[in-house]
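Below you'll find the structure, written out as C-alpha coordinates, and then a few comments.
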Amino acid sequence: MSPFFRSPETVPSMALHEAILSSVSSVRDSLPEQHHAHFETLRQEIIDFTKVHGIPKESLTKPAALREATSKFSTQDLERLADLLERFEYLVKHKEPKKKEIDLKEAIEYAEAHYHLKEQYDSQVEFLEDVGILESGAIPGIDGNTYPIPTLEQIAMRLFERRETLHTKHDQGFTKLLLVPFEQFLLKYKKDHPSFDLNTDHPLFAWEDYQGGDMGDFPNLVYYPQSFDLKEHQGKTKIQILKANERFPGWTVHLLQPSDPTDSHSLGFASIPRKGEGTTHGKRIPRPSLEVNKTLNEHLSTLQKSKDDPDSPYFQEFGLTPEDWILAFMIHLKETEQPMDDWTNGRESMTGLIGSFFQSVVFVPCASWYKEGLQVDLRINGSRGRDKRIGVRSSVII
(Lines give C-alpha, C1' and ligand atoms only; values in the text may rest on other atoms or scores of the structure.)
Protein backbone atom coordinates (compact mmCIF):
# COMPACT_ATOMS: atom_id res chain seq x y z
CA MET A 1 0.00 0.00 0.00
CA SER A 2 1.33 3.43 -0.86
CA PRO A 3 2.40 5.70 2.02
CA PHE A 4 -0.43 8.06 1.05
CA PHE A 5 -3.05 5.57 2.26
CA ARG A 6 -1.40 4.60 5.51
CA SER A 7 -4.60 5.45 7.43
CA PRO A 8 -8.26 6.11 6.62
CA GLU A 9 -7.93 9.55 8.18
CA THR A 10 -5.50 10.53 5.41
CA VAL A 11 -8.48 11.24 3.13
CA PRO A 12 -10.15 14.42 4.44
CA SER A 13 -13.79 14.45 5.46
CA MET A 14 -16.39 16.40 3.49
CA ALA A 15 -16.11 19.23 6.03
CA LEU A 16 -12.36 19.42 5.48
CA HIS A 17 -12.89 19.20 1.73
CA GLU A 18 -15.09 22.30 1.94
CA ALA A 19 -12.56 24.03 4.18
CA ILE A 20 -9.86 23.42 1.59
CA LEU A 21 -11.78 24.42 -1.52
CA SER A 22 -14.22 27.04 -0.30
CA SER A 23 -13.28 30.70 -0.25
CA VAL A 24 -15.53 31.16 2.79
CA SER A 25 -13.31 31.88 5.79
CA SER A 26 -15.54 30.48 8.59
CA VAL A 27 -13.22 27.54 9.28
CA ARG A 28 -10.18 29.79 9.33
CA ASP A 29 -11.94 32.27 11.61
CA SER A 30 -12.73 29.50 14.08
CA LEU A 31 -8.98 29.15 14.71
CA PRO A 32 -6.93 31.41 16.98
CA GLU A 33 -5.91 34.51 15.02
CA GLN A 34 -2.20 33.70 15.17
CA HIS A 35 -2.88 30.55 13.09
CA HIS A 36 -4.93 32.19 10.31
CA ALA A 37 -1.91 32.75 8.08
CA HIS A 38 -0.77 29.15 8.61
CA PHE A 39 -4.26 27.91 7.64
CA GLU A 40 -4.21 29.92 4.41
CA THR A 41 -0.70 28.75 3.56
CA LEU A 42 -1.58 25.06 3.96
CA ARG A 43 -4.89 25.49 2.13
CA GLN A 44 -3.20 27.16 -0.82
CA GLU A 45 -0.45 24.55 -0.90
CA ILE A 46 -3.06 21.78 -1.21
CA ILE A 47 -4.94 23.65 -3.93
CA ASP A 48 -1.72 24.34 -5.84
CA PHE A 49 -0.64 20.70 -5.52
CA THR A 50 -3.94 19.37 -6.92
CA LYS A 51 -3.77 21.81 -9.85
CA VAL A 52 -0.16 21.07 -10.67
CA HIS A 53 -0.73 17.29 -10.56
CA GLY A 54 -4.15 17.25 -12.24
CA ILE A 55 -6.06 15.83 -9.28
CA PRO A 56 -9.84 16.38 -9.60
CA LYS A 57 -11.13 18.38 -6.63
CA GLU A 58 -13.98 15.97 -5.92
CA SER A 59 -11.55 13.06 -5.47
CA LEU A 60 -10.25 14.57 -2.22
CA THR A 61 -13.23 13.08 -0.36
CA LYS A 62 -13.41 9.76 -2.25
CA PRO A 63 -10.67 7.24 -1.33
CA ALA A 64 -11.11 5.13 -4.47
CA ALA A 65 -11.06 8.15 -6.77
CA LEU A 66 -8.08 9.62 -4.95
CA ARG A 67 -6.22 6.30 -5.14
CA GLU A 68 -6.87 6.23 -8.89
CA ALA A 69 -5.81 9.87 -9.37
CA THR A 70 -2.53 9.27 -7.53
CA SER A 71 -1.79 5.75 -8.77
CA LYS A 72 1.11 6.81 -10.94
CA PHE A 73 2.60 9.31 -8.51
CA SER A 74 6.14 8.94 -7.28
CA THR A 75 6.66 8.05 -3.63
CA GLN A 76 7.89 11.58 -3.03
CA ASP A 77 4.70 13.15 -4.44
CA LEU A 78 2.48 10.73 -2.51
CA GLU A 79 4.23 11.56 0.75
CA ARG A 80 4.05 15.27 0.01
CA LEU A 81 0.26 15.18 -0.51
CA ALA A 82 -0.28 12.98 2.53
CA ASP A 83 1.79 15.36 4.63
CA LEU A 84 -0.18 18.40 3.46
CA LEU A 85 -3.57 16.79 4.14
CA GLU A 86 -2.57 15.45 7.54
CA ARG A 87 -1.14 18.79 8.66
CA PHE A 88 -4.27 20.59 7.48
CA GLU A 89 -6.57 18.13 9.26
CA TYR A 90 -4.54 18.40 12.46
CA LEU A 91 -4.72 22.21 12.35
CA VAL A 92 -8.50 22.26 11.87
CA LYS A 93 -9.19 19.62 14.54
CA HIS A 94 -6.72 20.72 17.19
CA LYS A 95 -6.80 24.50 16.52
CA GLU A 96 -3.02 24.61 16.34
CA PRO A 97 -0.25 23.39 13.97
CA LYS A 98 1.50 20.10 14.53
CA LYS A 99 4.52 20.57 16.70
CA LYS A 100 7.80 20.86 14.78
CA GLU A 101 6.02 20.06 11.55
CA ILE A 102 8.69 21.91 9.59
CA ASP A 103 12.28 21.50 10.60
CA LEU A 104 13.95 24.92 10.57
CA LYS A 105 17.36 23.49 9.73
CA GLU A 106 15.92 21.66 6.74
CA ALA A 107 14.14 24.82 5.58
CA ILE A 108 17.31 26.91 5.80
CA GLU A 109 19.33 24.28 3.97
CA TYR A 110 16.71 24.21 1.22
CA ALA A 111 16.68 28.03 0.91
CA GLU A 112 20.47 28.10 0.75
CA ALA A 113 20.69 25.40 -1.90
CA HIS A 114 18.03 26.93 -4.15
CA TYR A 115 18.24 30.68 -3.45
CA HIS A 116 21.59 31.25 -1.63
CA LEU A 117 19.31 33.08 0.79
CA LYS A 118 21.78 34.21 3.47
CA GLU A 119 23.98 36.06 0.98
CA GLN A 120 21.01 37.83 -0.60
CA TYR A 121 19.30 38.57 2.71
CA ASP A 122 22.38 39.96 4.48
CA SER A 123 23.25 42.14 1.49
CA GLN A 124 19.80 43.70 1.29
CA VAL A 125 19.49 44.27 5.03
CA GLU A 126 22.86 46.02 5.02
CA PHE A 127 21.80 48.15 2.06
CA LEU A 128 18.47 49.15 3.64
CA GLU A 129 20.36 50.21 6.76
CA ASP A 130 22.97 52.16 4.77
CA VAL A 131 20.39 54.27 2.94
CA GLY A 132 18.42 54.97 6.11
CA ILE A 133 15.28 53.03 5.24
CA LEU A 134 15.75 50.40 7.95
CA GLU A 135 16.43 51.62 11.49
CA SER A 136 16.89 49.26 14.42
CA GLY A 137 15.59 46.46 12.25
CA ALA A 138 12.23 48.03 11.48
CA ILE A 139 10.34 50.65 9.46
CA PRO A 140 7.52 53.02 10.41
CA GLY A 141 4.18 52.44 8.69
CA ILE A 142 1.71 55.08 7.54
CA ASP A 143 -0.73 53.65 10.09
CA GLY A 144 1.55 54.63 12.99
CA ASN A 145 2.77 51.10 13.65
CA THR A 146 6.34 49.83 13.45
CA TYR A 147 7.06 46.83 11.23
CA PRO A 148 10.19 44.70 11.82
CA ILE A 149 11.92 43.32 8.78
CA PRO A 150 11.12 39.62 8.16
CA THR A 151 13.86 37.38 9.51
CA LEU A 152 15.95 35.09 7.37
CA GLU A 153 14.36 32.14 9.18
CA GLN A 154 10.82 33.33 8.37
CA ILE A 155 11.65 33.70 4.68
CA ALA A 156 13.40 30.32 4.59
CA MET A 157 10.34 28.67 6.16
CA ARG A 158 8.05 30.34 3.61
CA LEU A 159 10.22 29.26 0.68
CA PHE A 160 10.28 25.71 2.05
CA GLU A 161 6.52 25.63 2.63
CA ARG A 162 5.87 26.76 -0.94
CA ARG A 163 8.59 24.71 -2.61
CA GLU A 164 6.08 22.71 -4.65
CA THR A 165 4.41 25.84 -6.04
CA LEU A 166 7.70 27.69 -6.54
CA HIS A 167 9.49 24.81 -8.27
CA THR A 168 8.43 25.91 -11.75
CA LYS A 169 9.14 29.58 -11.02
CA HIS A 170 12.63 28.67 -9.79
CA ASP A 171 13.17 26.72 -13.01
CA GLN A 172 12.16 29.86 -14.95
CA GLY A 173 14.79 31.93 -13.16
CA PHE A 174 12.81 33.60 -10.37
CA THR A 175 15.58 33.38 -7.78
CA LYS A 176 16.42 37.02 -7.04
CA LEU A 177 15.25 38.15 -3.60
CA LEU A 178 13.75 41.62 -3.10
CA LEU A 179 12.67 42.86 0.34
CA VAL A 180 10.28 45.79 0.01
CA PRO A 181 9.16 47.90 2.98
CA PHE A 182 5.53 48.68 2.31
CA GLU A 183 5.55 52.19 3.75
CA GLN A 184 5.43 55.75 2.45
CA PHE A 185 7.08 56.31 -0.92
CA LEU A 186 10.81 56.02 -0.73
CA LEU A 187 11.60 59.39 -2.34
CA LYS A 188 15.18 59.43 -1.12
CA TYR A 189 18.25 58.54 -3.08
CA LYS A 190 21.97 58.68 -2.42
CA LYS A 191 23.09 61.85 -4.19
CA ASP A 192 26.79 61.13 -3.93
CA HIS A 193 26.89 57.68 -5.55
CA PRO A 194 30.30 57.60 -7.23
CA SER A 195 29.55 55.28 -10.12
CA PHE A 196 27.35 57.43 -12.35
CA ASP A 197 26.29 61.00 -13.05
CA LEU A 198 23.30 62.16 -11.05
CA ASN A 199 21.34 65.39 -11.00
CA THR A 200 21.97 66.09 -7.33
CA ASP A 201 19.49 68.99 -7.30
CA HIS A 202 16.67 66.81 -8.69
CA PRO A 203 17.65 63.13 -8.47
CA LEU A 204 14.03 62.08 -8.89
CA PHE A 205 11.20 63.44 -10.98
CA ALA A 206 7.74 62.31 -9.90
CA TRP A 207 4.31 63.24 -11.13
CA GLU A 208 2.77 65.38 -8.38
CA ASP A 209 0.11 62.83 -7.36
CA TYR A 210 2.78 60.32 -6.31
CA GLN A 211 3.53 62.34 -3.18
CA GLY A 212 0.97 61.30 -0.59
CA GLY A 213 -1.01 59.32 -3.16
CA ASP A 214 -1.21 56.34 -0.82
CA MET A 215 -2.34 58.29 2.26
CA GLY A 216 -5.50 59.82 3.67
CA ASP A 217 -9.06 58.56 4.03
CA PHE A 218 -9.54 58.32 0.26
CA PRO A 219 -6.12 57.56 -1.25
CA ASN A 220 -5.72 58.00 -4.98
CA LEU A 221 -3.29 55.11 -5.42
CA VAL A 222 -4.57 51.54 -5.10
CA TYR A 223 -2.60 48.30 -5.18
CA TYR A 224 -3.00 44.93 -6.90
CA PRO A 225 -6.00 45.82 -9.07
CA GLN A 226 -7.67 43.06 -11.05
CA SER A 227 -8.46 45.54 -13.80
CA PHE A 228 -7.90 49.21 -14.60
CA ASP A 229 -11.58 50.01 -14.22
CA LEU A 230 -12.62 52.94 -12.05
CA LYS A 231 -15.44 51.03 -10.34
CA GLU A 232 -14.52 47.37 -10.75
CA HIS A 233 -10.74 47.39 -10.16
CA GLN A 234 -10.98 45.46 -6.83
CA GLY A 235 -7.65 46.95 -5.75
CA LYS A 236 -6.78 47.69 -2.12
CA THR A 237 -5.46 50.73 -0.34
CA LYS A 238 -2.16 50.58 1.48
CA ILE A 239 -3.90 50.66 4.86
CA GLN A 240 -6.06 47.69 3.86
CA ILE A 241 -2.99 45.72 2.82
CA LEU A 242 -1.14 46.57 6.03
CA LYS A 243 -4.08 45.23 8.06
CA ALA A 244 -4.45 42.07 5.99
CA ASN A 245 -0.79 41.05 5.62
CA GLU A 246 -0.30 38.45 8.35
CA ARG A 247 2.65 36.66 6.75
CA PHE A 248 5.17 39.52 6.67
CA PRO A 249 3.41 42.57 8.20
CA GLY A 250 4.56 45.84 6.64
CA TRP A 251 6.69 44.11 4.00
CA THR A 252 6.41 42.26 0.73
CA VAL A 253 8.99 39.61 -0.15
CA HIS A 254 9.54 38.99 -3.85
CA LEU A 255 11.39 36.68 -6.20
CA LEU A 256 12.42 38.23 -9.53
CA GLN A 257 14.65 37.13 -12.37
CA PRO A 258 18.28 38.30 -12.01
CA SER A 259 20.05 39.93 -14.97
CA ASP A 260 20.87 36.44 -16.30
CA PRO A 261 17.91 34.20 -15.36
CA THR A 262 20.05 31.09 -15.97
CA ASP A 263 22.53 32.20 -13.29
CA SER A 264 21.02 32.80 -9.85
CA HIS A 265 24.24 34.54 -8.76
CA SER A 266 24.12 37.16 -11.53
CA LEU A 267 23.88 40.75 -10.33
CA GLY A 268 20.99 43.13 -10.83
CA PHE A 269 17.62 42.41 -12.38
CA ALA A 270 16.65 41.18 -15.84
CA SER A 271 15.68 44.00 -18.20
CA ILE A 272 12.40 44.21 -20.11
CA PRO A 273 13.14 43.19 -23.72
CA ARG A 274 12.07 45.15 -26.76
CA LYS A 275 9.65 43.56 -29.22
CA GLY A 276 11.12 40.42 -30.80
CA GLU A 277 14.14 40.37 -28.48
CA GLY A 278 12.77 38.29 -25.62
CA THR A 279 14.12 34.96 -24.40
CA THR A 280 12.52 31.83 -22.97
CA HIS A 281 13.51 30.24 -19.66
CA GLY A 282 12.42 27.08 -17.90
CA LYS A 283 12.31 23.41 -18.89
CA ARG A 284 9.27 22.28 -16.94
CA ILE A 285 7.00 25.05 -18.30
CA PRO A 286 8.96 27.32 -20.69
CA ARG A 287 8.34 31.01 -20.01
CA PRO A 288 8.72 33.55 -22.83
CA SER A 289 9.68 37.05 -21.73
CA LEU A 290 6.97 39.68 -21.41
CA GLU A 291 7.92 42.06 -24.22
CA VAL A 292 6.99 45.69 -24.90
CA ASN A 293 4.42 46.99 -27.39
CA LYS A 294 1.38 45.54 -25.63
CA THR A 295 -1.07 47.67 -23.71
CA LEU A 296 -0.80 47.67 -19.94
CA ASN A 297 -4.36 46.36 -19.93
CA GLU A 298 -3.20 43.35 -21.94
CA HIS A 299 -0.27 42.71 -19.62
CA LEU A 300 -2.50 42.88 -16.53
CA SER A 301 -5.05 40.58 -18.17
CA THR A 302 -2.29 38.05 -18.93
CA LEU A 303 -1.17 37.96 -15.30
CA GLN A 304 -4.73 37.87 -13.95
CA LYS A 305 -5.68 34.92 -16.16
CA SER A 306 -2.49 33.10 -15.20
CA LYS A 307 -2.32 33.63 -11.45
CA ASP A 308 -4.34 30.51 -10.58
CA ASP A 309 -3.35 28.40 -13.60
CA PRO A 310 -0.32 26.21 -12.81
CA ASP A 311 0.00 25.32 -16.50
CA SER A 312 0.55 28.96 -17.48
CA PRO A 313 4.15 30.18 -17.80
CA TYR A 314 3.13 33.28 -15.79
CA PHE A 315 1.54 31.38 -12.89
CA GLN A 316 1.39 33.44 -9.66
CA GLU A 317 3.19 36.47 -11.10
CA PHE A 318 2.25 40.03 -10.19
CA GLY A 319 3.14 43.42 -11.60
CA LEU A 320 5.38 45.71 -9.55
CA THR A 321 4.32 48.72 -7.48
CA PRO A 322 6.28 52.02 -7.25
CA GLU A 323 7.77 50.85 -3.94
CA ASP A 324 8.92 47.59 -5.51
CA TRP A 325 10.51 49.35 -8.48
CA ILE A 326 12.37 51.96 -6.44
CA LEU A 327 13.94 49.29 -4.21
CA ALA A 328 14.80 47.18 -7.25
CA PHE A 329 16.38 50.21 -8.93
CA MET A 330 18.49 50.95 -5.86
CA ILE A 331 19.62 47.32 -5.49
CA HIS A 332 20.38 47.11 -9.22
CA LEU A 333 22.48 50.27 -9.07
CA LYS A 334 24.38 49.05 -6.02
CA GLU A 335 25.18 45.69 -7.58
CA THR A 336 25.91 46.69 -11.19
CA GLU A 337 26.84 50.40 -10.91
CA GLN A 338 24.39 50.97 -13.77
CA PRO A 339 20.88 52.44 -13.62
CA MET A 340 17.99 50.09 -14.34
CA ASP A 341 15.49 50.64 -17.18
CA ASP A 342 17.51 53.15 -19.20
CA TRP A 343 15.13 53.07 -22.18
CA THR A 344 17.26 55.55 -24.17
CA ASN A 345 19.92 52.91 -24.89
CA GLY A 346 17.60 51.12 -27.31
CA ARG A 347 17.81 47.80 -25.44
CA GLU A 348 16.02 48.39 -22.14
CA SER A 349 12.50 49.64 -21.52
CA MET A 350 10.37 51.60 -19.10
CA THR A 351 8.46 49.59 -16.52
CA GLY A 352 4.69 49.84 -16.37
CA LEU A 353 3.94 49.36 -12.68
CA ILE A 354 0.72 47.43 -13.15
CA GLY A 355 0.67 46.33 -9.50
CA SER A 356 -0.96 49.73 -8.83
CA PHE A 357 -2.87 52.55 -10.48
CA PHE A 358 -4.20 56.05 -9.82
CA GLN A 359 -7.94 55.57 -9.62
CA SER A 360 -8.91 59.24 -9.95
CA VAL A 361 -7.53 59.44 -13.49
CA VAL A 362 -7.31 55.71 -14.32
CA PHE A 363 -3.61 56.03 -15.16
CA VAL A 364 -0.85 53.56 -14.40
CA PRO A 365 2.50 54.47 -12.80
CA CYS A 366 5.56 54.02 -15.03
CA ALA A 367 9.21 54.19 -14.01
CA SER A 368 12.56 54.47 -15.75
CA TRP A 369 15.97 56.08 -15.70
CA TYR A 370 15.89 59.35 -17.65
CA LYS A 371 19.43 59.65 -18.96
CA GLU A 372 19.06 63.15 -20.41
CA GLY A 373 17.93 64.51 -17.05
CA LEU A 374 20.24 62.22 -15.03
CA GLN A 375 17.34 61.30 -12.76
CA VAL A 376 14.84 58.63 -11.82
CA ASP A 377 11.59 59.30 -13.65
CA LEU A 378 8.21 58.34 -12.15
CA ARG A 379 5.42 59.19 -14.55
CA ILE A 380 1.99 57.87 -15.54
CA ASN A 381 0.68 56.25 -18.67
CA GLY A 382 -2.68 55.27 -20.07
CA SER A 383 -3.64 51.61 -19.81
CA ARG A 384 -4.97 51.22 -23.36
CA GLY A 385 -2.20 52.56 -25.57
CA ARG A 386 0.75 50.63 -27.02
CA ASP A 387 4.23 52.01 -26.63
CA LYS A 388 7.35 50.32 -28.01
CA ARG A 389 9.29 51.63 -25.01
CA ILE A 390 7.00 50.42 -22.19
CA GLY A 391 6.67 46.88 -20.85
CA VAL A 392 6.21 45.22 -17.47
CA ARG A 393 8.48 43.47 -14.99
CA SER A 394 6.75 40.85 -12.84
CA SER A 395 7.60 39.09 -9.60
CA VAL A 396 6.46 36.17 -7.49
CA ILE A 397 5.35 37.27 -4.03
CA ILE A 398 6.16 34.61 -1.43
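Numbers for the structure displayed
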| quantity | calculated |
| --- | --- |
| Of all residues in region 210-249 being touching a His at 6+ places or on another chain (Cβ under 7 Å) and open to solvent by less than 20 Å² (accessible area, probe 1.4 Å), the one that is modelled with the highest pLDDT | 225 |
| Candidate set: region 250-281, residues that are in a loop (DSSP other than H, G, I, E, B) and of a type in the set (A, V, I, L, M); chosen: the one surrounded by the fewest Cβ atoms within 10 Å (Cβ to Cβ) | 267 |
| Yes/no for residue 372 being in contact with an Asp or Glu (Cβ under 7 Å, 6 or more places away or on another chain), assigned by the TED database to the domain that holds residue 287, in a loop (DSSP other than H, G, I, E, B) and open to solvent by 10 Å² or more (accessible area, probe 1.4 Å) | no |
| Selected residue (criterion: nearest to residue 298 (Cα to Cα)) from residues of region 331-353 that are of a type in the set (A, V, I, L, M, F, W, C) and open to solvent by less than 10 Å² (accessible area, probe 1.4 Å) | 353 |
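Matching residues to (1) among the hydrophobic types (A, V, I, L, M, F, W, C); (2) within 19 Å of residue 316 (Cα to Cα); (3) at pLDDT 80 or above:
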residue	(1), (2), (3)
37	yes, yes, no
49	yes, yes, no
69	yes, no, yes
80	no, no, no
96	no, no, yes
103	no, no, no
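The values are calculated or read from the model by the stated rules, or taken from the named source; none is laboratory data. These numbers come from a predicted model, not from an experiment. Cβ atoms come from the backbone with ideal geometry, glycine included; neighbour counts cover every protein chain shown. Protein only, heavy atoms only, side chains kept; ligands, DNA and RNA dropped before computing areas. Shrake-Rupley method; radii C 1.70, N 1.55, O 1.52, S 1.80 Å.
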